[in-house]
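Right, one structure below, let's go through it.
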Amino acid sequence: MATEARDLVFTHRFAPGSSSATLLLLHGTGGNEDELLPLGRELAPNAVLLAPRGRVLERGMPRFFRRLAEGVFDQKDLALRTDELAAFIAAAASQYHFDAVRVIAVGYSNGANIAASVLLRHPGVLAGAVLFHPMVPFEPSPVPSLAGTPVFISAGTADAMVPRPLTERLAELLRSSGGRVEVHWVNGGHELSRSEVDAARVWLAESQQIS
Ligand code: MLT
């Protein structure tokens, strides 16, 4: 994808690392570019970290795309913001000189939803993804080719915002696209729990060889 400095449109944090892999940290509704930096360092202490802030505001809370109601996404805006994020990743790689083919998204909730949207709309942009409590961002047609892309999904058995069938549908969709999907269930709700962070760290080390 051809990129220019003007594609670096997200307010963001960048933290260098000694690894050739970059974690793209995507916060949930109301988060910001600082929120997930400690999580990124915990998941992969040597990774490069890139953390954009969502450019949409919902009652003052940053998000990565507009929604019409809880769980009902503005599909036009989602497509636009997904393209914007994919262009940002490429522009940041050329600005900061990190390896554009080793970018792994780590997203929570709304951040996981835009990460899943990048996977489905721009296969090849992400080398993998950790999706904490995602939904199905959209149903792609035709199904993209994710050719072995590793994806970790974690979900809560009592998550009122993400009912179990939605998690299962996303896993099925990514698998039918050729993704290598691991689903980790926790006994809990929509909040991020210790056990899923630990499981994601192990998964990253095994599937992506990063630490
Ligand atoms: C979304 O809008 O992306 C989901 O409802 C999750 C969230 O509230 O952030």
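Going 7 Å from the Cα of ARG169 in the Cα-to-Cβ direction, what parts of region 77-108 have a backbone nitrogen less than 12 Å from that spot?
Flagged as within label range: none.
Out of residues 5 or more away from VAL106 or on other chains, whose amide H comes under 5 Å of its own, with H placed 1.01 Å from N in the peptide plane?
Amide H to amide H, under 5 Å and 5 or more residues apart or across chains, VAL106 pairs with LEU24, LEU25, LEU26, VAL130.
What number, in percent, do you get for the relative contact order of region 12-207 if the mean sequence gap of Cα pairs under 8 Å and at least 6 apart is divided by its residue count?
Working: 422 pairs, mean separation 34.8, N = 196.
Averaging sequence separation for qualifying contacts and normalising by length gives 18 percent for region 12-207.
To the nearest 0.05, what FRET efficiency results for THR157 and ALA205 with a Förster distance of 30 Å applied to their C-beta separation? Provide the component values of the computation, followed by the final result.
On the way: r = 25 Å, r/R0 = 0.85.
Calculated value: 0.75.
Could you sort 40-46, 127-133 so that the peptide with the highest average Cβ count within 10 Å comes first and the rest follow in order?
Numbers: 40-46: 17.7, 127-133: 27.3.
Put in order of decreasing packing, that is 127-133, 40-46.
Among DSSP beta bridges lying fully in the chain, give the percent that are antiparallel, nearest 5.
Values: 9 of 33 bridges.
Roughly 25 percent of the beta bridges in the chain run antiparallel, per DSSP.
Rounded to two decimal places and with Rh computed the Kirkwood way over Cα pairs, what is Rg over Rh for region 96-211? Each step should come with its number before you reach the end.
Numbers: Rg = 13.3 Å, Rh = 14.0 Å.
Ratio of gyration radius to Kirkwood radius for region 96-211: 0.95.
Determine the principal axes of the Cα atoms in region 1-134, then give the extent along each, sorted from largest to smallest and rounded to whole angstroms.
On the principal axes, region 1-134 reaches 41, 32, 24 Å in Cα extent.
If you put +1 on each Lys and Arg Cβ and -1 on each Asp and Glu Cβ, how big is the dipole of region 12-207 around its Cα centre, in Debye rounded to 20? Before the final figure, lay out the partial values.
Numbers: 18 positive and 20 negative charges, 55 e Å.
Computed charge dipole of region 12-207: roughly 260 debye.
Would you mind computing the Rg to Rh ratio of region 79-157 from its alpha-carbon coordinates, Kirkwood style for Rh?
Working: Rg = 12.3 Å, Rh = 12.8 Å.
Expressed as Rg/Rh, it is 0.96.
Quick check: at a probe of 1.4 Å, how many percent of the accessible area of region 12-207 sits on carbon and sulfur atoms?
Working: 4160 of 7900 Å².
Within region 12-207, the accessible surface is 53 percent carbon and sulfur.
For labels at SER193 and GLU58 in the simple 7 Å Cα→Cβ model, what's the distance in nm?
2.4
Can you work out the accessible area per residue across the chain, with the rest of the protein chains kept in place, probe 1.4 Å, in square angstrom? Let's see the in-between values first.
On the way: 8990 Å² over 211 residues.
Result: 43 Å² per residue.
Would you please give the FRET efficiency between GLU139 and SER18, computed as 1/(1 + (r/R0)^6) with r the Cβ-Cβ distance and R0 = 41 Å, to the nearest 0.05?
Details: r = 40 Å, r/R0 = 0.97.
That pair, GLU139 with SER18, gives E of 0.55.
Hydropathy first: keep DSSP H helices in the chain averaging at least 0.0 on Kyte-Doolittle, then drop any whose Cα extent along the axis falls short of 15 Å, and list what survives. It would help to have the intermediate numbers written out before the result.
Details: long enough: 75-96 (31 Å, 0.12); 110-121 (16 Å, 0.75); 164-176 (18 Å, -0.51); 194-208 (20 Å, -0.53).
Counting only whole DSSP H runs, the qualifying helices are 75-96, 110-121.
Using +1 at the C-beta of Lys and Arg and -1 at the C-beta of Asp and Glu, which of LEU68, GLY128, ALA160 has the Cα lying farthest in the positive direction of the dipole of the chain?
The one lying farthest along the dipole's positive direction is LEU68.
Decide, for region 67-107, between rounded, prolate and oblate: order the square roots of the alpha carbon gyration tensor eigenvalues as a ≥ b ≥ c, take rounded if a/c falls under 1.5, and otherwise choose prolate if a/b is larger than b/c, else oblate. Please list the in-between numbers first.
On the way: a/c = 4.27, a/b = 2.39, b/c = 1.79.
Prolate is the answer for region 67-107, as a/c is 1.5 or above and a/b outweighs b/c.
Quote the charge dipole size of region 91-211 about the Cα centre in Debye, to the nearest 20; the model charges only the Cβ of Lys and Arg (+1) and of Asp and Glu (-1). Working shown, then result.
On the way: 8 positive and 10 negative charges, 36 e Å.
Result for region 91-211 is approximately 180 debye, rounded to the nearest 20.
Taking the chain as a Gaussian network, where each spring joins two C-alpha atoms under 10 Å apart, which residue of ASP83, ASP198, ASP99 fluctuates the most?
Highest fluctuation among the options: ASP198.
Cut-off 10 angstrom, C-alpha nodes, Gaussian network model of the chain. Which of HIS97, HIS190, HIS122 fluctuates the most?
Comparing HIS97, HIS190, HIS122 in the GNM, the peak value goes to HIS97.
Between LEU68 and VAL183, what is the label-point separation in nm under the 7 Å Cα-to-beta-carbon projection?
Each label point lies 7 Å from its Cα, and together they span 2.7 nm.
Over region 1-63, calculate the relative contact order: mean separation of alpha carbon pairs under 8 Å at least 6 apart, over the residue count, as a percent. Spell out each step's value before the answer.
Working: 110 pairs, mean separation 25.5, N = 63.
The normalised contact order for region 1-63 reaches 40 percent.
Could you work out which residue, out of LEU174, LEU39, LEU24, moves most in a Gaussian network model of the chain, that is, has the largest mean-square fluctuation with Cα springs under 10 Å?
Top of the fluctuation ranking is LEU39.
The values are calculated or read from the model by the stated rules, or taken from the named source; none is laboratory data. These numbers come from a predicted model, not from an experiment. We place every Cβ from the backbone using ideal geometry, glycine too, and count neighbours over all the protein chains shown. Side chains included, ligands, DNA and RNA excluded: accessible areas come from the protein's heavy atoms. Shrake-Rupley method; radii C 1.70, N 1.55, O 1.52, S 1.80 Å.
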